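Peer 1: Below is the structure I would like to discuss, written out as structure tokens.
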Amino acid sequence: MKPIESSPPEKSKAPAVDGALDIMQALVQSTYPLSLTEIADRVNMPVASCHRIINTLLRRGLVVQDLQRRKSYCMGAMLFQMASAAYFQQPIVPLFHSIADVLKNELHQAVNLSVLAGSHTLVVAHVPWPFVENHGVYVGLSNVLHRTAAGKAMMSMHPAAIQKQYWETYIAERETTADNAGNPLEAWLHELAEVKRVGYALTRTETLAGVFTLAAPVLNRRGEPLAAMAVCFDTQRDIRAIATPLIQATWQLSARLG
């Protein structure tokens, strides 16, 4: 396995923090416990520095020593406890499951729930349909907001000022397309306005050919977006047959949230 590349291109202002995160990422990605030398090699770190950081992670329970492979390390229970706490703090999740169970049986498709995490969407719940593929969707999947149907569905319900701010911060200088060469900001706002008008967003999945995602926003009583329910399907499916039940399911979920 290749060494983990440093995320920020500039010099880190907190190298110990970056080192700890790189070490945990290496352990998560490994299918077996790693020795100190193996970890240091994968994260491009001196063994002595790696040892100091691992000792801190050991004390906090984020890393533990493996019982079978001598002097090797793997992820500890604390990481899973922290992730579970964050997961169950989402009050929308248990309400989503009962509604998604009905929807998946009606559509014969898996249904997932995403929330906003900064400028990204994060899948926090997934109800599979056993006879179709998940199309790469799983709990914990994250992507930039403007590349996902769920992200566009939620952003469409925000005021125009927030939509413009997002575009200026995350799209303007990073992504330019020939289709939007005339006035890309106006095209972005028009796309979101259309999503809001029809009640759903439709995007082509970037990683899988011929797969589309349809998503509709879940709102609170003030009309603010809390999450988005989504369904993935291939091009042979009728969008209208999916959009109406999906939107109705989001209305039901919004009503239960109060």
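Peer 1: Per-residue ellipticity at 222 nm for the chain, helices alone: DSSP H runs ≥ 4 residues times -39500 (n - 2.57), over residue total, nearest 500 deg cm²/dmol?
Peer 2: The helix-only estimate for the chain comes to -13500 deg cm²/dmol at 222 nm.
Peer 1: For ALA193 and LEU36 in the same chain, what is the full-extension length gain: residue separation times 0.36 nm, less their Cα-Cα distance, in nm?
Peer 2: Taking 0.36 nm per residue and subtracting the Cα distance, the gain is 51.2 nm.
Peer 1: Dipole size in debye (nearest 20) for the chain around its Cα centre, Lys and Arg Cβ +1, Asp and Glu Cβ -1?
Peer 2: 760 debye
Peer 1: Between the helical axis of 92-107 and the dominant principal axis of the chain, each derived from Cα atoms, what acute angle in degrees is found, rounded to the nearest 10?
Peer 2: 60 degrees
Peer 1: Let me ask something else about it. Taking each pair of distinct Cα atoms in segment 15-83 once, what is the resulting Kirkwood hydrodynamic radius in Å?
Peer 2: 11.7 Å
Peer 1: Would you please name the trypsin sites (Lys or Arg not before Pro) within segment 24-106 that are DSSP coil residues with at most 13 other C-beta atoms within 10 Å of their C-beta?
Peer 2: Here the trypsin sites (Lys or Arg not before Pro) that fit, given the DSSP loop and packing criteria, are ARG69, ARG70, LYS71.
Peer 1: In whole angstrom, and with the biggest value first, how far do the Cα coordinates of segment 90-257 range along each principal axis?
Peer 2: 44, 37, 28
Peer 1: Let me ask another. As I understand it, the value is the acute angle between the Cα axis of helix 239-257 and the longest principal axis of the Cα atoms of the chain; what does it come to in degrees, rounded to 10?
Peer 2: 70 degrees
Peer 1: State which stretch of the chain is the longest one without any exposed GluC sites (Glu not before Pro), exposure meaning a DSSP loop state and at most 15 other Cβ atoms within 10 Å.
Peer 2: By the stated rule (loop sites, at most 15 other Cβ atoms within 10 Å), 11-132.
Peer 1: Please work out the ratio of the alpha-carbon Rg of segment 55-157 to 2.2 N^0.38 Å and round it to two decimals.
Peer 2: For segment 55-157, the normalised Cα radius of gyration is 1.38.
Peer 1: Working out 0.36 nm times the residue gap between ARG69 and ALA48, then minus their Cα-Cα distance, what length gain in nm do you get to one decimal?
Peer 2: Additional length available on full extension: 5.5 nm.
Values in this text are rule-based calculations from the coordinates and carry no lab data. Every value quoted in this text rests on a predicted model; they were computed, and no experiment measured them. FYI the Cβ positions are ideal-geometry reconstructions off the backbone, even for glycines, and counts take in every protein chain you see.
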